[in-house]
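First comes the structure, then the notes that go with it.
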Amino acid sequence: MTEEDARERILAAAEELYYRKGYAAVGMDELRQSAGVSLRRLYGLFPAKNDIVAAVLARKHAEWESGLSTAVADAGDDPRARLLAVYGYLEDWFCTDSFRGCAFINAFGELGGTHPEVAAVVRAHKASFQAYMAGLVAEIGAPAALAAQLSILAEGAQSTAAISADPQVAVQARGAAEVLIDAAVPTRV
């Protein structure tokens, strides 16, 4: 097995285990067994658990950005539809059998208080989402404050859907987003 193959197996196993069981609940031996690598190889590639957590979150960030930007692009050229596509993306995600909430919120809740490097990765991801939403809000000509409001709706929907196991939370968030958008950008007659 090449180093790249081993790295990929470790990260795939870690992503699945951390998301399903939690970051703190998964030890290095369990991860090693699930990935099918030796403990020596695991520590050779990732000297500390935080290194694995950071690499998993980097993968989740790339997955999130790719999925979200695809959903927004698929919404077409209408700026309002593009902005609301964020909530359609959330609904699709919430309907998957594997949905367990936001990996970043989960990581911050478990590790953010004691692992500043994990907290920094989570904050960077959330700031990236805020910036993305700001770009979409600018496309519709709304005040910049709307981006923060719509981001909070999306973040709250992720937490609420994880706790309630109700994917309709995304539909409710979209409805609230429509009200905010309509208030920020009145219809022109």
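The values are calculated or read from the model by the stated rules, or taken from the named source; none is laboratory data. Keep in mind the model is a prediction, meaning the values are calculated, not measured. Virtual Cβ from ideal backbone geometry, glycine too; neighbours counted across all protein chains shown. Only protein heavy atoms, including side chains, enter the accessible area calculation; ligands, DNA and RNA are left aside. Shrake-Rupley method; radii C 1.70, N 1.55, O 1.52, S 1.80 Å.
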Using the Kirkwood radius over Cα pairs of segment 56-96, the Stokes-Einstein translational diffusion coefficient at 4 °C and 1.567 mPa s, in µm²/s and rounded to a whole number, is 123 µm²/s
The helix 116-140 Cα axis meets the longest alpha-carbon principal axis of the chain at an angle in degrees, between 0 and 90 and rounded to 10, of 30 degrees
Taking the alpha-carbon centre of each part, the distance from segment 67-89 to segment 1-24 in Å is 30 Å
From highest to lowest solvent-accessible area (probe 1.4 Å; ligands, DNA and RNA excluded), E3, E30 read E3, E30
The whole-number value in µm²/s of the Stokes-Einstein translational diffusion coefficient for segment 6-69, with Rh from the Kirkwood sum over alpha carbon pairs at 25 °C and 0.890 mPa s, is 207 µm²/s
In a Gaussian network model of the chain with springs linking alpha carbons closer than 10 Å, the residue among F46, F99, F129 that fluctuates most is F46
The extension gain from E16 to L39, computed as 0.36 nm times the residue separation minus the Cα-Cα distance, is 6.4 nm
Mean separation of Cα contacts under 8 Å (at least 6 apart) over the residue count of segment 1-145, i.e. the relative contact order in percent, is 23 percent
Relative to the chain, whose Cα atoms define the longest principal axis, helix 145-164 and its Cα axis are tilted in degrees, nearest 10, by 50 degrees
Between the Cα axis of helix 3-21 and the main Cα principal axis of the chain, the angle (0 to 90°, nearest 10) is 60 degrees
The local net charge around G22, scoring Lys/Arg +1 and Asp/Glu -1 for residues other than G22 whose Cβ lies under 14 Å from its Cβ, equals 0
Hydrodynamic radius by Kirkwood for segment 105-189, inverse mean 1/r across distinct Cα pairs, in Å, is 14.2 Å
Per-residue accessible area, 1.4 Å probe, largest first, puts K49, K21, K60 in the order K21, K49, K60
Computed over segment 80-175, the relative contact order (Cα-Cα under 8 Å, seq sep at least six) in percent reads 42 percent
Under the 7 Å Cα-to-Cβ spin-label approximation, E8 and A148 lie apart by a distance in nanometres of 4.3 nm
In this structure, the FRET efficiency calculated for E30 and E139 from their beta-carbon separation, with R0 = 35 Å, to the nearest 0.05, is 0.20
Residue separation between E65 and Q130 times 0.36 nm, minus their alpha-carbon distance, gives in nm 22.2 nm
Once the mean of 1/r over all distinct C-alpha pairs in the chain is inverted, the Kirkwood radius in Å reads 17.9 Å
So, with points 7 Å from each Cα along the Cβ direction, the L180-T96 label distance in nm works out to 2.4 nm
Looking only at aspartates and glutamates whose Cα falls under 13 Å of K21's and that sit 8 or more positions away or on another chain, we get E30, E110
Taking Lys and Arg as +1 and Asp and Glu as -1, residues besides A165 with C-beta under 12 Å from its C-beta add up to -1
